[in-house]
1. Given H placed on each backbone N at 1.01 Å, which residues far from R197 in sequence or on other chains put an amide H within less than 5 Å of it?
2. Of the residues G312, G233, G53, which exhibits the maximal mean-square fluctuation in a Gaussian network model of the chain defined by a 10 Å Cα contact cut-off?
3. Compute the Rg/Rh shape ratio of the chain: radius of gyration over Kirkwood radius, all on alpha-carbon atoms.
4. For D144, D102, what's the fewest-to-most ordering of other Cβ within 10 Å of each Cβ?
5. Can you tell me how segment 205-348 classifies by the Cα gyration tensor, rounded, prolate or oblate, using a/c under 1.5 as the rounded cut?
6. If you stretched the chain out fully between L329 and L118, how much longer would it get, using 0.36 nm times the residue separation minus the C-alpha to C-alpha distance?
7. Under 14 Å from a label point 7 Å along Cα→Cβ of V169: give me every residue in segment 238-270 with its amide N that close.
8. Would you mind telling me which residue in T221, T365, T105 has the biggest mean-square fluctuation in a Gaussian network model of the chain, where springs connect alpha carbons within a distance under 10 angstrom?
Amino acid sequence: MTRAVLTLNAGSSSLKVALYPEAGTEPLASGMADRIGAEGVLTLKDASGAAIGAAGDIGSHAAAITAVIEGFRAHWPDLELLAIGHRVVHGGVAHTAPVSVDAETLEDLARLSPFAPLHQPHNLAGIRAAMAAFPGVPQVACFDTAFHRSHPWVNDTFALPRALYDEGVRRYGFHGLSYDYIAGELARSAPHLATGRVVVAHLGNGASMCAIQDGRSVASTMGFSALDGLPMGTRSGQLDPGVVLYLMDQKGMGAGEISDLLYKQSGLLGLSGLSNDMRTLEGAGTPEAAEAIDYFVFRCQREVGAMAAALGGIDALVFCGGIGENSRLIRARICERLGWMGIEVDHAANAANARVISSDLARTTVLVMPTNEELVIARAARAAVGLMEDAA
Ligand code: ADP
């Protein structure tokens, strides 16, 4: 019998999946469905990366989930699904940890959709589809906001009339599954740092930073929405709200248009006029691409300073996410002007993508740590059905 838990990450037209055994850190298989609803294509790979299944014409999330399980069952005919873990962007104020989902919880989570209209409805569609396809299998929601619920009030609020705070207009913070993973890995592999003041820079297509003290989130660059803080692939990052008022009043733009501008046309793409992809920009050689990189680096430096200020100092800086884990150039450039906070990069270690990239004598340790949001979800799904945490 192949007993396993499934992790699902449902986006608007995509579905990322991974199948994990009962214990251990390595998935048995993973997969990705793209362009769901418009000639959707699903590909499944085993742990070595070899293709183990594919399907076309995927019309809905429900169809994608069914195709995923059919694909896995074709490969492991004795597959028994123990639980399904879901990435859910918003857990509101209440959820500080993963939760088993029933119809009532699902309704509660649906009430949070106005806070994350571009993600929450799709995440919940994934849960509904999985519930319908596997009625007896426990469904576990894992929230991107949960890790940040330890924020002190001053980092949880805006200086707006209190009634807005009470109705949920707060700084929630996101990328919590990634930060949870990094905090856990630090506790395991570098306990002396895990009990200190750590700034984690999750730099991917979406990008944010988190200030962590003693394994708990103290502040984050993302706030009410996943737009705040650092510039991202296509998102603006922090913006004077006066700009939004200008777009509305003077240019007659509506909420939909502004949302499209801030989420999809800004960031690296907007600045470079070329691409949202850092690798492309690094190789582009145009002045606009260079300026987009300059802006990204500058804002990262500013926010490392802000996170360190929230912590009252810094003992370690951790890079993760596609850019953080892979781009030597961006890591080196961000660290270049942070010598004043004891950050000094060993260029050979950085070029080798080593785990520790700070120089031996530097006061602040700089680490590169691959993040693993799926494993955090798989562990929550295992825990929900009473499986012990893996030792690794
Ligand atoms: P997401 O937030 O969608 O999960 P990722 O964490 O996969 O995104 O990060 C994607 C980003 O990482 C892209 O901008 C990509 O160009 C960048 N990236 C990946 N590898 C490299 C590399 N070797 N050099 C520079 N950037 C890289």
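Readers should treat all values here as calculations from the given coordinates under stated rules, not as data from a laboratory. Predicted model, so just to flag it, every value in this text is computed and none were measured. Cβ: placed from backbone, ideal geometry, glycine included. Neighbour counts: every protein chain shown.
1. Hits under the 5 Å cutoff: D315, A316.
2. G312
3. Expressed as Rg/Rh, it is 0.96.
4. Ranked by crowding around the Cβ, least crowded first: D102, D144.
5. The shape class here is oblate.
6. 72.8 nm
7. Counting only backbone N, you get 241-242, 245.
8. Highest fluctuation of the listed residues: T105.
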